[in-house]
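Peer 1: Sharing a structure with you now.
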Amino acid sequence: MDAMRLIGATRAALAQASAAADIVVEAWQAQALAGAIGSHLAVHGPYEARAAACNLGEAGSRASGALRQTLRAGAIRAAQLTEVRDPWSALAGLCGLLGEVGIALVGVACSSEEDASYWQCIEAIDAADEMTDRVRWLQRRLALREREGGAA
């Protein structure tokens with residue numbers, strides 16, 4: 001499945017999640033998707049952006065590990081990724097999705113009455129923030145590649 005479709009599906013699932021645990025799961029889903037897109041671009045993307053894409057993929061593998069602890073095998077949406085038709089649009093969509101995830105997690109953390117739930121949200125917020133930084137770095141690498149390619 002194309003990255004943009006998976007971003008849309010994850011965005012819709014996050015919007016429909018109402019329970020705190022479901023919001024946290026969708027946060028990890030979004031981060032796992034970021035990792036899957038990064039891993040895909042590390043193999044199939046432009047050479048100049050592969051190191052940055054690999055870093056994104058590695059960060060996302062941590063999210064996949066958290067999801068595997070929470071969900072049954074095969075329920076990780078990112079596993080359905082088969083292509084990234086438009087890397088720039090996918091990365092922009094990913095940044096937007098990770099921003100929505102951060103906002104949703106702040107809401108959950110603020111309403112949490114249990115320390116464990118609160119700290120789980122804080123960990124997920126930190127991970128989403130790190131993932132956003134890596135996506136933006138990858139976007140900068142792609143932009144630099146386009147500028148250099150256009151000047152040659």
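Peer 1: Based on what the data block shows, is residue 135 within 18 Å of residue 25 (Cβ to Cβ) and assigned to a helix (DSSP H, G or I)?
Peer 2: Against the criterion (within 18 Å of residue 25 (Cβ to Cβ) and assigned to a helix (DSSP H, G or I)), residue 135 does not qualify.
Peer 1: Which residues, counting only those in region 82-98, are surrounded by fewer than 21 Cβ atoms within 10 Å (Cβ to Cβ) and farther than 19 Å from residue 143 by Cβ?
Peer 2: Once the filter is applied, which keeps residues that are surrounded by fewer than 21 Cβ atoms within 10 Å (Cβ to Cβ) and farther than 19 Å from residue 143 by Cβ, region 82-98 yields 82, 83.
Yes or no, residue by residue, for (1) closer than 22 Å to residue 4 by Cβ; (2) in a helix (DSSP H, G or I); (3) of a type in the set (D, E, K, R):
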| residue | (1), (2), (3) |
| --- | --- |
| 75 | yes, no, no |
| 85 | yes, no, yes |
| 90 | yes, yes, no |
| 103 | yes, yes, no |
| 118 | no, yes, no |
| 122 | no, yes, no |
| 125 | no, yes, no |
| 131 | yes, yes, no |
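Peer 1: Moving on. Specify the residue that is farthest from residue 122 (Cα to Cα); the eligible residues are those in region 1-51 that are among the polar types (S, T, N, Q) and buried (at least 18 other Cβ atoms within 10 Å of the Cβ).
Peer 2: 39
Peer 1: Further question on the same structure: For the condition surrounded by fewer than 13 Cβ atoms within 10 Å (Cβ to Cβ), over 16 Å from residue 29 (Cβ atoms) and at pLDDT 90 or above, what is the one hit in 110, 54?
Peer 2: Only one candidate qualifies: 110.
Peer 1: Quickly run through region 118-152 and pick out the residues that are over 19 Å from residue 34 (Cα atoms) and either surrounded by fewer than 14 Cβ atoms within 10 Å (Cβ to Cβ) or touching a Gly at 6+ places or on another chain (Cβ under 9 Å) (or both).
Peer 2: Selection gives 119, 144, 146, 147, 148, 149, 150, 151, 152.
Peer 1: For region 31-39, does any single residue satisfy the condition of being of a type in the set (Ser, Thr, Tyr), more than 25 Å from residue 110 (Cα to Cα) and in a helix (DSSP H, G or I)?
Peer 2: yes
Peer 1: For residues that are without any contact (Cβ under 8 Å) to a residue 60 or more places away in the chain and among the aliphatic types (A, V, I, L, M), tally how many sit in region 81-96.
Peer 2: Going through region 81-96 one residue at a time, the tally reaches 2.
The values are calculated or read from the model by the stated rules, or taken from the named source; none is laboratory data. Note that the structure is a prediction, hence the values are computed from the model and not measured. Cβ sites come from the backbone with ideal geometry, for glycine too, and all protein chains shown count toward neighbours.
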